[in-house]
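Inspection log for the structure reproduced underneath, given as structure tokens.
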Amino acid sequence: MSNVSHTRKMNNLRSLLASKPQKEVLRLYLYQRHDNLFKQAILVTFYRKWSERPPYGLTEIGITTYDRQQVNSGFPCPPGPHAEDLLAHVWSIHLRLRSNAHLPSTDASPCAFHFGSSVFVTHSEAAQLLHQVWHQPIDAMDLSKGDRPIICLSYGDNDALGRVRTGDVDFTPNKIATTIAVLNAQDIAIQARITSSKSATIDYILPIFKITPYHVSNAGNAATYITVLAFLSVLRDEIYGAESNPRAKPGRWGISSTKPAQNVMQWLMERPTPAPPFGVTTYCSRCSSFVHSAWECPNTDFVCTKCSASQAKWRQENAATHMEGLCVFR
Ligand SMILES: [Zn+2]
Ligand SMILES: [Zn+2]
């Protein structure tokens, strides 16, 4: 649903934002009062992870959403010592693609989502959810007013990978009409002078803010950490600025001096979070049961004979993680 004037406003907003540095776009969104369409925007962090081996299946999607209209009725407010008054409104979602859940991972990170519950979904459920996130009506009672604008935040070349490895869930944020800006938190950290490294990883940047990240390779944690580091980067003057710290060096100066950043992260991990209203939270990637997880699977004799007979050593090693019917190799 959309109309000509709404489409024109969205296009105007998109070209206006394209002319500004990414740091400025996020700062304007978080910290300015707006009376136009921009105030309706939703910030969505989007991070995908693929298996490291063929067939490079999509294994996880991390999403966070932030709606500034829900924070102080949309009016700018102090962010709190480590932006927690804003971060409290970030909703974190971690999707695991059921059919690829048995593909090997470098560590236990797919199981270690710290900011909510992971849900196991089919490819079409994942696609539907992304569609819903990107199509939220301005007025649910009057759909002719069109959808809310989306600012998409990602990290590094995660998007570029998606272009190479399409076929799974074909989803390209900058091709969707509601997307008014695509931001890269890695670039934002450079523009905000947090680091000068063009290849800084998430685990490299967070300790600059005195935050110790856990299981960054979990796509859900990654999405949350990306959101946190982008907020702290663009709000550095408000958070760390002080007479004794005129260049607003991150750490514990200014309003941030009242508590450690790690306490805020701990609180974000411990607070109760609603599970997404779809998918299942319990799924066994070995036998496809919905009543137990792979850790508790009683079917320990299930081995994929296709993988155990494979020439590839990593497939032989992974043969006991799934029954033959779930094998992604045909
Ligand atoms: Zn099982
Ligand atoms: Zn197999």
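The numbers here are math on the coordinates, done by the rules we state, and not lab data. On a predicted model such as this, the values are computed, not experimentally measured, just so you know. So basically every Cβ, Gly included, is an ideal-geometry build from the backbone, and we count neighbours across all protein chains shown.
Brief remarks follow.
- Most fluctuating residue given options 110, 76, 298, as computed from a GNM of the chain linking Cα atoms under 10 Å: 298
- Counting only DSSP beta bridges whose two residues both lie in the stretch 1-148, roughly 80 percent are antiparallel.
- Distance between modelled label sites at residue 204 and residue 187, nm, 7 Å Cα→Cβ extension: 1.8
- Per-residue HN-Hα couplings for the stretch 236-245 [Karplus 6.51, -1.76, 1.60; θ = phi - 60°; Hz; x = Gly/Pro]: 4, 5, 5, 7, 10, x, 7, 4, 7, 9
- Proportion of all alpha-carbon pairs of the stretch 255-314 beyond 15 Å (%): 72
- In the stretch 241-330, the GluC sites (Glu not before Pro) that fall in loop regions by DSSP, at most 14 other Cβ within 10 Å: 243
- Taking every DSSP beta bridge that has both ends in the chain, the antiparallel portion is near 60%.
- Computed over the stretch 4-281, the P(r) curve from all C-alpha pair distances, binned at 10 Å from the origin, holds 6, 29, 36, 22, 6, 0 percent per bin.
- Our coupling estimate for the stretch 212-225, obtained by passing each phi through the Karplus curve with A = 6.51, B = -1.76, C = 1.60 and θ = phi - 60°, is 9, x, 10, 6, 5, 7, 6, 4, x, 5, 4, 4, 5, 5 Hz, Gly and Pro reported as x.
- The distance between label points at residue 39 and residue 324 comes to 6.3 nm (points 7 Å beyond Cα on the Cα→Cβ vector).
- Potential lengthening between residue 267 and residue 294 on full extension [0.36 nm per residue; Cα-Cα distance subtracted]: 6.9 nm
- Estimated FRET transfer efficiency when R0 is 22 angstrom, pair residue 75-residue 259 (beta carbons, to 0.05): 0.35
- Only the Cβ atoms of Lys and Arg (+1) and of Asp and Glu (-1) were treated as charged; on that basis the dipole of the stretch 1-146 about its Cα centre amounts to roughly 460 debye.
- Long pairs among 49/175; 39/145; 49/306; 20/145; 23/49; 23/198, criterion Cα-Cα beyond 22 Å: 49/306; 20/145; 23/49
- Calculated FRET value between residue 316 and residue 127, using beta carbons and R₀ = 35 Å, to 0.05: 0.60
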